[in-house]
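These notes concern the structure reproduced below.
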Amino acid sequence: MELFNVSDVVDEIGEGKESAETVRGEAVSLEVMRFEEGDEDQMHAHAEDEVYHIDTGTAKINVEGESTEVSEGDVIHLEPGTDHRFHGFEDELVMTVLYAPAKGSTE
């Protein structure tokens, strides 16, 4: 069993970094991500399914040209190859992100 506290992981994310991987297996990986006001997230896609849980904060997610506001408690699923980016950070945004299979394992 692996157990961690999201707030503790956020406190450990170093300066200039936006995420920390907390779980890694063959079939799945989990990251805690943090963005702050003024941060930039470039449009990108992953080869894995992604499930985002918004832990704290508000922002917008642009998915293939369409922006939607997201906030604490929201869950977002993106299929592999879906172009996306987060933007409009008004305060600290913390997300837990599940990748299946593990992030980078299909590259």
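Can you tell me which residues in the range 47-87 are under 21 Å from SER29 (Cα atoms) and among the small types (Gly, Ala, Ser)?
Hits for the range 47-87 are ALA47, GLY73, GLY81.
Looking at the range 48-78, which of the residues that are assigned to a loop (DSSP other than H, G, I, E, B) and in contact with an Asp or Glu (Cβ under 6 Å, 6 or more places away or on another chain) is surrounded by the most Cβ atoms within 10 Å (Cβ to Cβ)?
Ranking the qualifying residues of the range 48-78, first place goes to GLY57.
Determine whether VAL9 is among the aliphatic types (A, V, I, L, M), out of contact with any Asp or Glu (no Cβ under 8 Å at 6 or more places or on another chain) and part of a strand (DSSP E or B).
Judged against the criteria, VAL9 is not a match.
Quick check, is THR106 of a type in the set (Ser, Thr, Tyr) and under 14 Å from the mean Cα position of the chain (by Cα)?
no
Please determine, by comparing only the residues of the range 6-40 that are aliphatic (A, V, I, L, M) and free of Cβ contacts under 8 Å to residues at least 60 places away in the same chain, which one is surrounded by the fewest Cβ atoms within 10 Å (Cβ to Cβ).
If we take residues in the range 6-40 being aliphatic (A, V, I, L, M) and free of Cβ contacts under 8 Å to residues at least 60 places away in the same chain, then VAL23 is surrounded by the fewest Cβ atoms within 10 Å (Cβ to Cβ).
I'm checking my understanding of the structure. Among residues of the range 13-23 that are of a type in the set (Asp, Glu) and within 16 Å of the chain's Cα centre (by Cα), which one is farthest from GLY104 (Cα to Cα)?
Filtering first and then ranking leaves GLU18.
Where a number appears in this text, it was derived from the coordinates with a stated rule and is not lab data. Worth saying up front: this structure is predicted, and the values here are computed from it rather than measured. Cβ sites come from the backbone with ideal geometry, for glycine too, and all protein chains shown count toward neighbours.
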